[in-house]
1. For THR166, which of the numbered conditions (1) assigned by TED's automatic domain parsing to the domain that holds MET251; (2) in contact (Cβ under 8 Å) with a residue 24 or more places away in the chain; (3) out of contact with any Lys or Arg (no Cβ under 7 Å at 6 or more places or on another chain) fails to hold?
2. Would you point out which residue out of GLY85, GLY26, GLY117, GLY60 is modelled with pLDDT of 95 or more and small (Gly, Ala, Ser)?
3. In the stretch 1-12, how many residues are within 20 Å of TYR104 (Cα to Cα), modelled with pLDDT of 80 or more and exposed (fewer than 14 other Cβ atoms within 10 Å of the Cβ)?
4. For the stretch 223-249, what are the residues that are more than 24 Å from LEU177 (Cβ to Cβ), in contact with a helix residue (DSSP H, G or I) (Cβ under 6 Å, 6 or more places away or on another chain) and of a type in the set (Val, Ile, Thr)?
5. Among the residues of the stretch 148-160, is there at least one that is closer than 26 Å to LEU97 by Cβ and of a type in the set (D, E, K, R)?
6. Tell me, which residue of the stretch 108-140 that is within 21 Å of LEU245 (Cα to Cα) and free of Cβ contacts under 8 Å to residues at least 60 places away in the same chain is surrounded by the most Cβ atoms within 10 Å (Cβ to Cβ)?
7. Taking the stretch 49-70, which residues are buried (at least 20 other Cβ atoms within 10 Å of the Cβ) and closer than 21 Å to ASP107 by Cα?
8. Residues of the stretch 200-222 being under 13 Å from LEU177 (Cβ atoms) and among the aliphatic types (A, V, I, L, M), which ones?
Amino acid sequence: MSAMTIIGEQDIAARDYVRKVTRASGSTFYWGMRILPEDRRDAMFAIYAFCREVDDIADGPETTDMKLEALGRWRQSIEKIYDGGNQANKPPLVHALTRAIKEYSLDKEDFIEVISGMEMDADGSMMAPDCIRLQQYCERVAGAVGLLSIRIFGDSSPKAKDFAVTLGTALQLTNILRDIREDAKMGRVYLPLEQLRPQELHQSSPEEIIIHPKLPEMCLSVAMRARDKYREADCLLRECNTHTLKPAIVMMMKYRRMLERLINSGWQDLEKEQRLPFVEKFWITCRYGFLSIK
C-alpha cells in the first residue's frame, strides 16, 4: 500500500472522477492500466483525465484565442500545484493530479510539454507539418505522457526514458494514421510536408488530401516510420525492467496490432473505424499484462 492513502471526501471525489473519465473513454489506455496496483492505477487515471481535458480544449469548437486562453489557464494550474499552494476546494482533477505529482515526484516540465503540444493543435499549425515539427509534436503529446507514466510504473532509468519517448512517437503516429478522416474534419492533416509536396498537395485542403489516390502510399510511408519506432522500442525494452513496464508493453502490443490492421486495410475505406475488438484487447492484456514476458 502506498504511503498516501485515501483519507477524505475530496480524495474520494477526485479518485472517482478520474476513474469515471478514463472508464467512459473506452480507450486502449484503460485496458493497459487496469493491471496496475490501485494507487498507481489511480495516478495514471489522473494523467489520462488531464490529457483528455486539454485535448478536448484543443479539439473544441471555440475560437483559437479561446482555446489558447483555456490551455493557458491549465499552465497556471500546473504552476500552482508545484508552488505548493492550498488545494482546498480545488476541482477533482486538480486534486487528483496534486496527489499523483507528490506521490510519484512527477516532473512539471512534462505536463507543460503536453500543454504545448495541445497548443500546436489549437493554433492551427498542425497542417502538413515537416518531419521535424511532427516529431516535436509526437514527443510533446505522447512522449511527455510516457515520461510521466514510467515514473508511476516505477522505472525512470535513462533507458526507460528513451523507451517512453520512442514508444510515445510510435503510438502517436499510429493514432494519426487511424484518425486521419476525423482529423481532416478539424482542419488538420498530420502527414508530413515531405510526403505531400511530391504530390503537389502541400497547399491543398484536408478534404482534397484524404481523397487523393496517393493517400494510401503516403500513409504507408508514415506507417513504416511507426514500425521502425516500435522496433526501436523493442531494443530499448531489453535494457529496462520489463516487469515494471508491463502496462506500457500492453499498450505497445495493442497499438502495434492496430497499425498492422491499418496497413492491411490500405486506407481504402476511411469511413470504417479501425479499432481492436474486445476479445483481442482482453487477450493481449492477459498475455502481456499477467503472464510472464520472455
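The values are calculated or read from the model by the stated rules, or taken from the named source; none is laboratory data. Note that this is a predicted model, so its numbers are computed, not measured. Glycine also receives a Cβ, built like all others from the backbone with ideal geometry; neighbour counts cover every protein chain displayed.
1. (3)
2. Unique residue meeting the criteria: GLY117.
3. Qualifying residue count for the region: 1.
4. Listed by number, the list holds a single entry, THR244.
5. Looking for residues that are closer than 26 Å to LEU97 by Cβ and of a type in the set (D, E, K, R), one finds at least one in the stretch 148-160, hence yes.
6. CYS138
7. Correct list: ALA49, PHE50, CYS51, VAL54.
8. ILE210, LEU215, MET218, LEU220, VAL222
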